[in-house]
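Worksheet: the structure to be examined is printed underneath.
The values are calculated or read from the model by the stated rules, or taken from the named source; none is laboratory data. Everything numeric here is computed off the predicted structure, so don't read it as measured data. Glycine also receives a Cβ, built like all others from the backbone with ideal geometry; neighbour counts cover every protein chain displayed.
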Amino acid sequence: MIQIRKPDGNIVPVPGEGNFVELINDMDGKVMMVFVQLKPGTILRISPGSNDAMRYQEIFSQQGVKFVESVIVRDDFK
């Protein structure tokens with residue numbers, strides 16, 4: 001399951017399988033990463049520069065979807 005956790009601890013589940021969650025760069029509106037639940041227990045991450053990212057960008061090009069060139073993902077909060 002994919003969900004959004006609010007600062008107060010409450011959660012908002014993303015409904016159903018097959019819905020895409022986009023992480024957007026708020027400076028230019030480009031997609032930094034996409035997540036989609038393919039089936040229970042299986043989540044696909046689509047990262048910039050991948051074949052999946054190019055395909056995703058093509059599919060949603062009429063909606064103006066563009067991926068950033070690259071993204072920095074940190075594993076910690078240090």
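Which one is nearest to the chain's Cα centre (by Cα) among residues in the stretch 49-74 that are among the charged types (D, E, K, R) and over 16 Å from GLY29 (Cα atoms)?
Residues of the stretch 49-74 that are among the charged types (D, E, K, R), as a first pass: 52, 55, 58, 66, 69, 74.
Narrowing the set further to residues that are over 16 Å from GLY29 (Cα atoms) leaves 52, 55, 58, 74.
Details: ASP52: 12, ARG55: 14, GLU58: 16, ARG74: 16 Å.
Ranking the qualifying residues of the stretch 49-74, first place goes to ASP52.
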Item to complete: Search the stretch 14-26 for residues that are over 15 Å from ILE59 (Cβ atoms) and pair each with any residue that is loosely packed, with under 14 Cβ neighbours inside 10 Å and not acidic (Asp, Glu) when their beta-carbon atoms are under 8 Å apart and the residues are at least 6 apart or on different chains.
Response: VAL14/MET1; VAL14/GLN3; VAL14/ILE4; GLU17/LEU38; GLU17/LYS39; GLU17/PRO40
Item to complete: Select from the stretch 27-48 the residues that are closer than 16 Å to GLN63 by Cα and touching an Asp or Glu at 6+ places or on another chain (Cβ under 7 Å) and list them in ascending order.
Response: VAL31, VAL34
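Restricting attention to the stretch 34-78, report how many residues are part of a loop (DSSP other than H, G, I, E, B), of a type outside the set (A, V, I, L, M), under 14 Å from LEU23 (Cβ atoms) and without any contact (Cβ under 8 Å) to a residue 24 or more places away in the chain.
Counting residues in the stretch 34-78 that are part of a loop (DSSP other than H, G, I, E, B), of a type outside the set (A, V, I, L, M), under 14 Å from LEU23 (Cβ atoms) and without any contact (Cβ under 8 Å) to a residue 24 or more places away in the chain gives 3.
Could you look through the stretch 1-26, keep only residues that are among the aliphatic types (A, V, I, L, M) and modelled with pLDDT of 90 or more, and pick out the one that is farthest from the chain's Cα centre (by Cα)? Can you show your working first?
Restricting attention to the stretch 1-26, the residues satisfying the condition of being among the aliphatic types (A, V, I, L, M) are 1-2, 4, 11-12, 14, 21, 23-24.
Add one more test, that the residue is modelled with pLDDT of 90 or more, and what stays is 4, 11-12, 21, 23-24.
Working: ILE4: 12, ILE11: 18, VAL12: 16, VAL21: 4, LEU23: 5, ILE24: 8 Å.
Ranking the candidates gives ILE11 first.
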Worksheet item: Are any residues in the stretch 1-33 exposed (fewer than 10 other Cβ atoms within 10 Å of the Cβ) and in a loop (DSSP other than H, G, I, E, B), and if so, which ones?
Response: LYS6, PRO7, ASP8, GLY9, ASN10, PRO15, GLY16, GLY18, ASP26, MET27, ASP28
Response to the item:
Checked against (1) aromatic (Phe, Trp, Tyr); (2) in contact with a strand residue (DSSP E or B) (Cβ under 6 Å, 6 or more places away or on another chain); (3) modelled with pLDDT of 95 or more, PHE60 satisfies every condition except (2)
